[in-house]
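One structure is given here, and the rest of the page talks about it.
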Amino acid sequence: MKAYDALNVRLLEVDDLNRATAVLQWDQATYMPPGGAPARGRQTATLSRLAHEQFTAAETGRLLDAASKETESLPFDSDEASLVRVTRRNWELAVRRPSSLVAEFQAHEAESYQAWTVARPANDFAGVRPLLEKTRAVNRVERSLLRVDADVGRPVPDDRNGVLQDVHWFAGRIGGVFQGYTLGNILS
């Protein structure tokens, strides 16, 4: 299973970038001085953009096509067939989100978190309202992008084959391999 193995390597690289982003976010939440939020936002935006670009690259689509052929004779619930099926679903959704939007939202998230750490103890919820409004606006853009099928040439997959259940099962069993692309994150 040559293509399957190459796909797996690619997914591990994407996961490494996503986990590095998570470490930076954890550091911001636990140790980073307050003035570091803009730099941290830039860093997480860069890593998230790179992970997104790697995951949504045409090469990932080609590997998915080839790996699908390699795993089509395997049982539906085998780890290999499930990985390809779930990755295909996540890829089809992720290609609808431009890398610039992913990066913009990561930078916004760092700024919002920092503002919240100041506003919460002061009970100043009005101070974070503009940031929350921007979060809602970005979520609306993401939702509208997910309903456009021009980018991948086919409609958004439905749950007839248990794909949505696989997304949740897979993320729970493997421990977040697709943490940035799970359906819950995209549609929340």
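Within segment 47-69, work out how many residues are under 15 Å from Y4 (Cα atoms) and either surrounded by fewer than 18 Cβ atoms within 10 Å (Cβ to Cβ) or within 18 Å of the chain's Cα centre (by Cα) (or both).
Qualifying residue count for the region: 10.
Hey, R10 hits all of (1) farther than 27 Å from N139 by Cα; (2) touching a residue at least 12 places away in the same chain (Cβ under 8 Å); (3) outside any helix (DSSP H, G or I) but one; which does it fall short on?
The one condition R10 does not meet is (3).
Are any residues in segment 83-106 touching a helix residue (DSSP H, G or I) at 6+ places or on another chain (Cβ under 7 Å), surrounded by fewer than 20 Cβ atoms within 10 Å (Cβ to Cβ) and small (G, A, S), and if so, which ones?
Result: S99, single match.
Take the residues in segment 108-127 that are closer than 20 Å to T46 by Cβ and in contact (Cβ under 8 Å) with a residue 40 or more places away in the chain, then tell me which one is nearest to the chain's Cα centre (by Cα).
Among those that are closer than 20 Å to T46 by Cβ and in contact (Cβ under 8 Å) with a residue 40 or more places away in the chain, it is E109.
Which residue out of R120, R85 is in a helix (DSSP H, G or I), of a type in the set (D, E, K, R), within 26 Å of R62 (Cα to Cα) and at pLDDT 90 or above?
Of the residues listed, the single one that is in a helix (DSSP H, G or I), of a type in the set (D, E, K, R), within 26 Å of R62 (Cα to Cα) and at pLDDT 90 or above is R85.
Which ones in segment 128-148 are part of a helix (DSSP H, G or I), surrounded by 15 or more Cβ atoms within 10 Å (Cβ to Cβ) and without any contact (Cβ under 8 Å) to a residue 24 or more places away in the chain?
L131
In segment 70-82, which residue that is among the hydrophobic types (A, V, I, L, M, F, W, C) and surrounded by 13 or more Cβ atoms within 10 Å (Cβ to Cβ) is nearest to the chain's Cα centre (by Cα)?
A81
Would you say A39 is closer than 11 Å to A110 by Cα and without any contact (Cβ under 8 Å) to a residue 60 or more places away in the chain?
yes
Could you check R40 against (1) in contact with an Asp or Glu (Cβ under 8 Å, 6 or more places away or on another chain); (2) outside any helix (DSSP H, G or I) and say which number it fails?
The single condition R40 does not satisfy is (2).
Out of curiosity, is A107 in contact with a Lys or Arg (Cβ under 9 Å, 6 or more places away or on another chain) and more than 18 Å from L11 (Cα to Cα)?
Considered against the rule, which asks whether it is in contact with a Lys or Arg (Cβ under 9 Å, 6 or more places away or on another chain) and more than 18 Å from L11 (Cα to Cα), A107 comes out as yes.
The values are calculated or read from the model by the stated rules, or taken from the named source; none is laboratory data. The structure presented is a predicted model; accordingly, all values stated were derived computationally and were not measured. A quick note on method: Cβ atoms are made from the backbone with ideal geometry, for glycine too, and the neighbour counts reach across all protein chains shown.
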